[in-house]
Amino acid sequence: MWRRVLPTVAAAGIGVTGFAGLAHGSDVGSATTGGQSAATTGRAHDGPARAHSVRQAAAADFPTWGTRWVVHATADTGSPAVGMINKTAPGQDRITADYQVDTGRKVCEGSSCSTFMAHLTGPVSGFLSVVAVDIAQDRLPGVPVQGGGQPQPQPGGSRGEMLNRAATWLTANNGAQVPYSQAKVWKDGYRQDCSGYVSMALGLPTPGTNTVGLATDRGITRPISLDELKPGDLLIDASGDNNTRHVVIFEKWNDDAHTSYTAYEQRGDHGTDHRTLTYGLPGGDAEFKPYRPVKFGD
């Protein structure tokens, strides 16, 4: 792996330049090398790579390498960027992490690969691929792993991605559902209420858009009819106040007559749930209206 051999190469006097930091889907500025922008190449070149020795970091504090590593909103390289590590110089930042997630999706840079993303508490709050950390391992030593073996969101903006995200909160609390709260945020940075939960599932910026925003922001959703509902669409009650408004994620119809459906929701006095509902259907709560996330493109 490159993270093991780069210091040896540098010690032997061989020039090591041009190794790249990841810039997955980032719009946080761009760098140019030889007239080609990072937005075009998908990465930004380093200049001199790591010339220092690979170190075993103490506690949860680790050195980084390369430049322009994107920090993401969730443990998903397809989620929105919330910041950047080593913006202008290789290894200028050190990161502090409190836990890491095995996403099951490999990220590689050169010969270094990892499926792990670290949750950072500094210098930026968010998730960073462990490939950006200057260690020999593919995961952070001594840092707890959370969510191992659970469905993890995959990049691409698909309906399946959204439902995978929604499912993670069913067991994210040490095997139990994430508890409901309008005031608290979960470890991934999202509010623990219904709209924060849906924002997490959609990959919107933390801490999440409120219910009214989910219904009215045409950059996020558009109204549809009940007959158009597909997996990942939303049913929203945007009327009243924060104690009456609610939003759920449609998964599937339970019968051909469309008398009920299965949905994901974050509900008071319970937390994350996956259950049969009739919100918005004839005979159900008429305040709920169907909406489609525009990211699905249909």
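The values are calculated or read from the model by the stated rules, or taken from the named source; none is laboratory data. The shown structure was predicted, so the numbers you read here are calculated from the model rather than taken from an experiment. Note: ideal-geometry Cβ built from the backbone for every residue, glycine included; neighbour counts use all protein chains shown. Please note that ligands, DNA and RNA were not included when accessible areas were found on the heavy atoms of the full protein model with its side chains. Shrake-Rupley method; radii C 1.70, N 1.55, O 1.52, S 1.80 Å.
Which of the residues spanning the stretch 206-222 are over 24 Å from VAL71 (Cα atoms) and open to solvent by 20 Å² or more (accessible area, probe 1.4 Å)?
VAL212, THR216, ASP217, ARG218, ARG222
Table: residues versus (1) farther than 30 Å from ILE220 by Cα; (2) at pLDDT 85 or above; (3) touching a Ser or Thr at 6+ places or on another chain (Cβ under 6 Å).
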residue	(1), (2), (3)
VAL54	yes, no, no
PRO63	yes, yes, no
ASP93	yes, yes, yes
SER111	yes, no, no
HIS119	no, yes, no
ASP138	yes, yes, yes
ALA166	no, yes, no
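How about the stretch 93-117: which of its residues are touching a Phe, Trp or Tyr at 6+ places or on another chain (Cβ under 8 Å) and touching a residue at least 40 places away in the same chain (Cβ under 8 Å)?
Listed by number, the residues that qualify are ALA97, GLN100, VAL101, ASP102, THR103, GLU109, GLY110, SER111, SER112, MET117.
Looking only at the stretch 181-205, count every residue that is hydroxyl-bearing (Ser, Thr, Tyr) and surrounded by fewer than 22 Cβ atoms within 10 Å (Cβ to Cβ) and tell me the total.
Selection size over the stretch 181-205: 1.
Search the stretch 194-218 for residues that are farther than 13 Å from PRO293 by Cα and of a type in the set (Phe, Trp, Tyr) and pair each with any residue that is modelled with pLDDT of 95 or more and not in a helix (DSSP H, G or I) when their beta-carbon atoms are under 6 Å apart and the residues are at least 6 apart or on different chains.
Final answer for the pair search is TYR197/GLN266.
Please state which one of ASP298, ASP285, ASP269, ASP255 is open to solvent by less than 60 Å² (accessible area, probe 1.4 Å), among the charged types (D, E, K, R) and part of a loop (DSSP other than H, G, I, E, B).
ASP255
Please report, ordered by residue number, the strands (runs of 3 or more DSSP E) entirely within the stretch 76-141 with at least 2 residues that are among the charged types (D, E, K, R).
Answer list for the stretch 76-141: 94-109.
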